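The values are calculated or read from the model by the stated rules, or taken from the named source; none is laboratory data. If you're wondering where the values come from, they're calculated on a predicted model, not measured in any experiment. Note that each Cβ is placed from the backbone with ideal geometry, even for glycine, and that neighbours are counted across all protein chains shown. To get the accessible areas, we keep the full protein, side chains included, count just its heavy atoms, and leave off ligands, DNA and RNA. Shrake-Rupley method; radii C 1.70, N 1.55, O 1.52, S 1.80 Å.
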Amino acid sequence: MTATVRIPTPLRGVTGGAATVAVDGSTVGEVVTSLEAAHPGVAERILDDSGGVRRFVNVFVDDEDIRFAGGLNTAVPDGATVSIIPAVAGG
Amino acid sequence: MTYVQALQCRECGRRVDVAATHACGFCFGPLEVVYDYDAMRGVVTRERIAAGPPTLWRYADLLPVLDGPNNQQDARGASRVDLGAGFTPLVPAPRLGQAIGLDDLWLKNDTLNPTGAFKDRVVSVALTAARSLGFDTAACASTGNLAQSVAAHAAASGMRAVVLVPSDLEQAKILATAVYGPTLVAVKGNYDDVNRLCGELADAYGWAFVNVNVRPFYAEGSKTIGFEIAEQLGWRLPDHVVAPMASGAMLVKIAKAFRELVDLELVEDRPCRVSGAQASGCSPITAAYKDGGDTIRPVRPDTIAKSLAIGDPADGYYALEAVAASGGAMEDVSDAEIIDGIKLLASTEGVFGETAAGVTIAVLRKLVAQGRIARGDRTVAVISGNGLKTTDAIAPTVGPTFEISPNLDDFRTALSLQESV
């Protein structure tokens, strides 16, 4: 199962400047684990000390906010796009 | 002269230089403007503020005014993007107070801003900062009021405007944005969808998205509501302020403004509670408050109060903290209560507010009924936008009292029928 992860600007320092990264994983949690293996340092930026998604990070699988789905257990279909987006916007 | 020192993450405390960036590079937390308050002490005085213009810019010392080589002047030689927003009237509301059980109620009438909403404050501050940072295009995600304000301020300052709104927005708000000539993009989706798109566009285009990459400066503009309330009450904090919440940023910044005034010894430190109002059809912040929990669960909005229809509120956590720290409360109200609130405000005080104002008044009434606001409390309700923006919402419930021929007898008959009801 390969997903395309869209990397926001603040994280591109960790991905060597890459705006998208292709990784394996059938859930969002697995995608984050694969991402960390490929680009060490990504996970601590996305996850808090208890292993949950930080409160100002939004993650979308295709166009679905994972908080409306299964959080880190949300399924990632083959070929899906996972977007990591800073949540601090709007209002 | 600027007192701005840096930007700092509210979550992890990391500091970065002033730039068009809104999220912490490490943990994605919101960046906040850091000021040199020590340098302000004794310099920023009541007299200095009172000698300033009758706009929000009288508080320029406490706003993110950025000095720098990129400061640009527009055709009028002005370095600020300013249509005259702010310093709106703070007026007593005795008839509304009597109707809901308050003896000392005031209205902060922000319907009287240039485009009819408090958003003119944040846009004036955001675009002034954006120009200093070298931007020539202003952009935003908006539930409508912000779109109008960005389009108007951009037009007056010669900036290009690109504004994105949900396609189901009130017709009046679409038209009152389009007239200023921006690139107006109607997006098939709700505000949170539009906002998310803008987050990605801000990465891809070198534009100043007022509520994305220049949000730290933008949000500071809401402090001026708090500054003005205190100054207009004779440099004194009220007992209670009730404000509407969409992202929650306005309420947070009002609380911050009061704290800054206390820290600078411009007002006496006294208890001032800040309470938040949402529509029940989009109440992620009040839901978290009522649960007593610390998790805000995003919702899909379904309310007539479209200007407050943010399902994923960026400042929700800080609004919860500000309300808790001040001893305030939160409530939410139904669409029917919102309409009643709009009509009550209009019929008692002659102020026609939009749906967000209906939310604020209905929640104010609820908090009084619950005993959370005492009869004698000096209370200020923030009326954030003009009712002419949301006439759709009240159209089904108001209209002509009677229709007649141009004939005296017809009038007398109709009037006596109406008065006998």
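Open to solvent by 70 Å² or more (accessible area, probe 1.4 Å) and at pLDDT below 95, is that true of B:Ser420?
Judged against the criteria, B:Ser420 is a match.
Taking the stretch B:321-403 and the helices (runs of 4 or more DSSP H) fully enclosed by it, the elements with 3 or more residues that are open to solvent by less than 20 Å² (accessible area, probe 1.4 Å) and within 18 Å of B:Val274 (Cβ to Cβ) are at B:355-369.
Screening the stretch B:147-174 for residues that are outside any helix (DSSP H, G or I) and of a type in the set (D, E, K, R) and picking the one that is surrounded by the most Cβ atoms within 10 Å (Cβ to Cβ) gives B:Glu170. Among residues that are more than 18 Å from B:Leu56 (Cα to Cα), within 13 Å of the chain's Cα centre (by Cα) and not in a loop (DSSP other than H, G, I, E, B), B:Gly226 is not included.
Each residue in the stretch B:272-304 was checked for being within 14 Å of another protein chain (Cβ to nearest Cβ) and under 12 Å from B:Val359 (Cα atoms), and 3 pass. For the stretch B:278-320, filtering for residues that are assigned to a loop (DSSP other than H, G, I, E, B) and under 16 Å from A:Phe68 (Cβ atoms) leaves 12.
Filtered by the rule that a residue be over 23 Å from B:Ser222 (Cβ atoms), hydrophobic (A, V, I, L, M, F, W, C) and either part of a loop (DSSP other than H, G, I, E, B) or open to solvent by less than 40 Å² (accessible area, probe 1.4 Å) (or both), the stretch B:175-199 gives B:Val179, B:Val187.
Pairs linking a residue in the stretch B:1-22 that is touching a residue at least 24 places away in the same chain (Cβ under 8 Å) to a residue that is open to solvent by 50 Å² or more (accessible area, probe 1.4 Å) and in a strand (DSSP E or B), with Cβ atoms under 9 Å and 6 or more positions apart or on different chains, are B:Gln5/B:Arg15; B:Ala6/B:Arg15; B:Ala6/B:Val16; B:Leu7/B:Arg15; B:Leu7/B:Val16; B:Gln8/B:Arg15; B:Gln8/B:Val16; B:Val18/B:Gln5.
Of the strands (runs of 3 or more DSSP E) entirely within the stretch A:6-91, those holding at least 1 residues that are within 30 Å of B:Ala246 (Cβ to Cβ) and more than 10 Å from the chain's Cα centre (by Cα) occupy A:81-86. Say whether the condition of being away from chain B (no Cβ under 12 Å), more than 19 Å from B:Leu197 (Cβ to Cβ), open to solvent by less than 70 Å² (accessible area, probe 1.4 Å) and touching a residue at least 24 places away in the same chain (Cβ under 8 Å) is met by at least one residue in the stretch A:5-14. Taking every residue of the stretch A:5-14 in turn, none turns out to be away from chain B (no Cβ under 12 Å), more than 19 Å from B:Leu197 (Cβ to Cβ), open to solvent by less than 70 Å² (accessible area, probe 1.4 Å) and touching a residue at least 24 places away in the same chain (Cβ under 8 Å).
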